[in-house]
1. For the list (1) closer than 30 Å to residue B:293 by Cβ; (2) within 21 Å of the chain's Cα centre (by Cα); (3) among the hydrophobic types (A, V, I, L, M, F, W, C); (4) surrounded by 14 or more Cβ atoms within 10 Å (Cβ to Cβ), I need the number of the one condition that residue B:96 fails.
2. Give me the residue from segment B:52-90 that is assigned to a helix (DSSP H, G or I) and farther than 22 Å from residue B:293 by Cα and, out of that set, farthest from the chain's Cα centre (by Cα).
3. Confirm whether residue A:70 is touching a Lys or Arg at 6+ places or on another chain (Cβ under 6 Å) and either more than 10 Å from chain B (Cβ to nearest Cβ) or at pLDDT 90 or above (or both).
4. Of the residues A:61, A:93, A:84, only one is in the same structural domain as residue A:186 (by TED's automatic domain parsing), out of contact with any strand residue (DSSP E or B) (no Cβ under 6 Å at 6 or more places or on another chain) and closer than 20 Å to residue A:158 by Cα; which?
5. Within segment B:21-51, can you find the residues that are over 29 Å from the mean Cα position of the chain (by Cα) and closer than 30 Å to residue B:274 by Cα?
6. Restricting to strands (runs of 3 or more DSSP E) lying wholly in segment A:89-208: which have 3 or more residues that are away from chain B (no Cβ under 14 Å), in contact (Cβ under 8 Å) with a residue 60 or more places away in the chain and crowded, with 22+ Cβ neighbours inside 10 Å?
7. Pairs, please: C-beta under 7 Å, at least 6 apart or cross-chain, first residue assigned by TED's automatic domain parsing to the domain that holds residue B:100 and surrounded by 14 or more Cβ atoms within 10 Å (Cβ to Cβ) and in segment B:199-227, second small (Gly, Ala, Ser) and in a helix (DSSP H, G or I)?
8. Which of (1) outside the structural domain of residue A:327 (by TED's automatic domain parsing); (2) touching a residue at least 12 places away in the same chain (Cβ under 8 Å); (3) over 23 Å from residue A:322 (Cα atoms) is the odd one out, the single condition residue A:228 does not satisfy?
Amino acid sequence: MAEVVLKSVNKMYGNVQAVKDVDLHVRDKEFMVFVGPSGCGKTTTLRMIAGLEEITSGDIYIGERLVNELPPMDRDIAMVFQNYALYPHKSVYDNMAFGLRMRKFPKPEIEKRVKDAADILDIEMLLHRKPRQLSGGQRQRVALGRAIVRHPQLFLFDEPLSNLDAKLRVQMRVELKRLHERLETTAVYVTHDQVEAMTLGDRVVVMKDGLVQQVGEPLELYNQPKNKFVAGFIGSPAMNFVEISIAAESGGLWANNAAFQIKVPPAKLEALRPKVGKQVTLGIRPEALQIANGSTPVESSFQASVEVIEPLGSEILLNVRCGTNDMVARVDPSIRVKLHENIRLALDPARLQFFDSDCELAL
Amino acid sequence: MTSDALQRERVHVSRLTRALENEKLLAVALLAPAVIILVLFIAYPFVMAIWLSLTNLRVGGVGEFVGLDNFIKAWHDTIFRTVFWNTFFYTFWATVFKLALGMWLALLLNRHFRMKRIIRASMLLPFIIPTVLSTFAWRWMFDPTFSVVNWVLYHIGFITVRLPFLSDGDWAMWCAILVNTWRGVPFFAITLLAGLQTISPDLHEAAALDGANAWQRFWHVTWPLLMPVTLVVVVFSVIQTFSDFQLIYVLTGGGPANSTHLVATYAYQLGVGTGLLGEGAAISLFMFPVLIAVV
């Protein structure tokens, strides 16, 4: 059981700065997920925590201990690799027992721990097999088993599900979550898949270009993104962004665009008043767009034409065009619209988000 | 060309094409060159050697069939026994040193460092210099009178009497092993390096996290995964070393007092040097069962 603290951690590769001033506090027993596009520094950060990469500057603490100079084996951590990194010449049992043998555990204890882990992961019948005789999902379980037999203070996961097919990935995601609840060990998990991040993480760290963009609980990131990048990265389909200008008219503020005019909701008035006459970016979640009905006020609706219809069963995604803006609306599956039909879309004013067009911070 | 001639040409071409469409014919056509070369240059000399070993042929004479006499004679020949033992001794130690040094070099070269490519390439130098040339250079370095090694050691003050590099039997054997090792290490190093590069670095990281130190990582991860490559190189090297000829021929000529003679050089000396073709062939064939066993 341990918390992990990163203080102004930096990593340079020659002249390239891969990780910039990362400050982070992973709480005890927390499942923390690092997410971001490739090259954002998430894996480098994880590897620095593991001790597989040197830290250029800054401090990393695991538990109470400063681990900057500690070799990986002395950090009391276990890591699951993207390609599993199972020893191909050892049986599943020996793969799982290896770490304990290196640490000179007595034989009965090793046997007990491996059996227990195999039981938890449901791989008892595979113990005598070699990794090449296992399917991707089974290898993944063995890799997990090798990590949990050690009873480490901290689990590190480096995109462990990315080599699995979509169905298995969903299944393993649930199992990982269950496993974490059962073991109550602090975990740091790296992924580029925001759905994985949202479903697994107690909290999520969004990174881009080596910088932490936002740290928060999944819904907090979804509903209150700190900047346009987080807003666009979290959520699928992604948030719609529309460039608008703010105008003050008839006692209120209006978000204007060549194709529509929408009234700014009262909650945002304060933040947007300084932006009158300027460009800002309007962010609209796909589910904040619905087909308008008779009672929809004109000031929160606009005309659009349907370009593509994606019926997904539980919902329909409408790709619509409004002036020069392409947007996606997530609507009820019972709704019937035709291709190229002109429809009226209603906005949920409470769910509109505005971002500064220059610095991209949320307003 | 008249249209008739064109027509005939076309028919001709299509007949050849059709013949090659037949897989059996095509197989024969494609295999024939290789089989002819193998028969001419490998099977014929080999069968000839077996035949010679069963005769008492001498240079310029007509041999008669003598059965296994040559083999029996060789077996009772004390020089041959020394030679046979020498060959095992030479092969064993040269292979052990080549493997150990080659592995060490491969592990070093597998790291990242400046001018990696140039250094990797330059390591192959001993391998690409013709054996005869490089062995001549070594022979000079070990020369009883002009040895540069003796000169240096003497002037540093390490020795007061010249070392008998090639004039003492034991010394000469170890010198031959040294030269063979020097020449063979690059092949081991490069092949093992190629093997090392197929091992995922993740495995080392996983082992490091599992608590294995550098030696344990080598022993539990690298070495077992490198085993297939190692076996191939060792088999290759054993075959080459066991049947080594040039190096001994140039360095010591088998001396002093047969102490560095190997099967190949002794067979040559008897067969070509003395003209006893039959006996020479019989001796060289003693290598055959050993090499078959190795393979």
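The values are calculated or read from the model by the stated rules, or taken from the named source; none is laboratory data. All figures in this text were calculated on a predicted structure; none of them were measured in a lab. With ideal geometry, Cβ positions are generated from the backbone for all residues, glycine too; neighbour counts draw on all protein chains shown.
1. (4)
2. Across segment B:52-90, the extreme among qualifying residues is B:69.
3. no
4. On the way: A:61 fails: out of contact with any strand residue (DSSP E or B) (no Cβ under 6 Å at 6 or more places or on another chain); A:93 fails: closer than 20 Å to residue A:158 by Cα.
So the residue among A:61, A:93, A:84 that is in the same structural domain as residue A:186 (by TED's automatic domain parsing), out of contact with any strand residue (DSSP E or B) (no Cβ under 6 Å at 6 or more places or on another chain) and closer than 20 Å to residue A:158 by Cα is A:84.
5. Residues of segment B:21-51 over 29 Å from the mean Cα position of the chain (by Cα): B:21-30.
Result: no residue meets the conditions.
6. A:186-191, A:203-208
7. B:209/A:50; B:210/A:99; B:211/A:99; B:217/B:207; B:217/B:208; B:220/B:207; B:221/B:207; B:226/B:195
8. Going through (1) outside the structural domain of residue A:327 (by TED's automatic domain parsing); (2) touching a residue at least 12 places away in the same chain (Cβ under 8 Å); (3) over 23 Å from residue A:322 (Cα atoms) one by one, residue A:228 breaks only (3).
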